[in-house]
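Scroll down for the structure; my scribbles are underneath it.
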Amino acid sequence: MAEPGTLILIMAAAVVAPLLAHGLGRRVRVPLVIFEIVLGILIGPDVLGLAHPGQVIDVLSDLGLCMLIFLAGYEIQFAAIRGDTLRRSCWSWGVTLLLGLGVALAMTGLDFSRSVIIGTALTSTAVGAVLPILRDNGDLQGRFGTVTMAFGALGEFGPIIAMSVLLSGRDPGTATVILVAFAAITAAAVYWALRPRPAWFSQVIRTTLHTSGQFAVRFVMLLLVSMLALSQAFGLDVLLGAFAAGLLTRLVLHGAVPESSEEVLAKVEAMGFGFLVPLFYIVTGIEFDLASLLDGGRYLLLLPVFLLLFLVVRGLPAYVLAPRDLTPLSRRALSLYTSTCLPLVVAITTIGLDDGALGKGEAAALVGAAMISVLVFPLLGMGVRAREQKKQPQLTGASEAESW
């Protein structure tokens, strides 16, 4: 099918996906991204053969990936993560990275480029998939929610940094210096963002919020494009620029127009989750190498191996290094939630495929395992939390009885 027809099919799939998620949600919660990727596989070359990517669609898909990482950067509130929790989450992710790279080097026969792709993919966490579950269960504002978001934030921020250093084509020392220079410029931008905005700035945002001017949305897009250009000028991955733009946008909006920041974000999210992000996921499904998995060879065997590695590489360090005040059941739930991944796995494997560092079969096994993790691990985590919440009243009652 020609590219315009493929684009129509992609947008039709984007419309059908939330309908399926809503209908099935009455019985079991399935993340929307699963339906988007599966519908992409269905209309793609390996099943119905109706949709094929082209130049325009590839550009839109890349924009969708940048928007996804931008929104992830906006979502993370590093100001709420500090002290012992921050230190433990950093140590946990550092151990995870060493484990991931070590396992990947052993799997690939010391192929460094492939090992970086696979190793960093094993270190990611899908905060976007975990956050709604924490919110719905009433855990988001409690101690468990704070710890989970801290460990999850490093699972989104860390892999992007690792990719920028290890896959830049430079030696790690030079790449680190360049990354520090990029961080210094970003820190200067953060300092600027934290300064009080002039009165006219807030006034223009408010007066154009519901007009064709849309100053705030245009300003956010300028921040995003500027950070993408800056990261590209430094030879870093554009995902780092997108993530930094998300952090800056939160600081600017909450500082200038706190009463309107959520409404501005809603407009940006509508653009992202209404068009660009689903297009990226559906194109990922179209390019998904289903044939390699269905052949029943090595790549199909890799799928459960990667699923187990998500738990071992990402979940085990989180369990061991979790704050001491968490109960064993809470630590187990934390390990399951932090092992949940998909968006960054898709992003990292896409980069690996584009660079020729990763084969389609390995990418399909990684993405397939990540899809299963999003379906299974949160459900197991909710079950563990439910068991703990049932025990808490009993423990409280027992302690009260002992006090009498």
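The values are calculated or read from the model by the stated rules, or taken from the named source; none is laboratory data. Computed from a predicted model, the values in this text were never measured in an experiment. Note that each Cβ is placed from the backbone with ideal geometry, even for glycine, and that neighbours are counted across all protein chains shown. We work out accessible area using only protein heavy atoms, side chains counted, and drop any ligands, DNA or RNA first. Shrake-Rupley method; radii C 1.70, N 1.55, O 1.52, S 1.80 Å.
Tell me yes or no: at least one residue of the range 338-355 is over 23 Å from ARG114 (Cβ atoms) and either within 17 Å of the chain's Cα centre (by Cα) or open to solvent by 10 Å² or more (accessible area, probe 1.4 Å) (or both).
yes
Show the residue pairs that are 6+ apart or on different chains and have beta-carbon atoms under 6 Å apart, the first residue being within the range 1-20 and more than 17 Å from GLU287 (Cα to Cα) and in contact (Cβ under 8 Å) with a residue 24 or more places away in the chain, the second being among the aromatic types (Phe, Trp, Tyr) and open to solvent by less than 60 Å² (accessible area, probe 1.4 Å).
From the range 1-20, the pairs are ALA17/PHE35.
Output the qualifying pairs, or none if there are none: Cβ atoms under 7 angstrom, residues six or more apart or on different chains, first residue in the range 105-116 and closer than 15 Å to ILE348 by Cβ and touching a residue at least 40 places away in the same chain (Cβ under 8 Å), second residue among the aliphatic types (A, V, I, L, M) and in a helix (DSSP H, G or I).
Going by the 7 Å Cβ cut-off, the qualifying pairs are VAL116/LEU166.
Quick one: what pairs do we get from the range 344-368, first residue touching a residue at least 60 places away in the same chain (Cβ under 8 Å) and part of a helix (DSSP H, G or I), second open to solvent by 10 Å² or more (accessible area, probe 1.4 Å) and small (Gly, Ala, Ser), C-beta under 7 Å, 6+ apart or different chains?
Filtered contacts from the range 344-368: LYS360/SER292; GLY361/SER292; ALA364/SER292.
Just need a number here: residues in the range 184-230 that are closer than 12 Å to ALA244 by Cα and charged (D, E, K, R).
Residues that pass the stated criteria total 0.
Search the range 70-111 for residues being modelled with pLDDT under 85, among the hydrophobic types (A, V, I, L, M, F, W, C) and part of a helix (DSSP H, G or I), and hand back the single one that is surrounded by the most Cβ atoms within 10 Å (Cβ to Cβ).
If we take residues in the range 70-111 being modelled with pLDDT under 85, among the hydrophobic types (A, V, I, L, M, F, W, C) and part of a helix (DSSP H, G or I), then ALA72 is surrounded by the most Cβ atoms within 10 Å (Cβ to Cβ).
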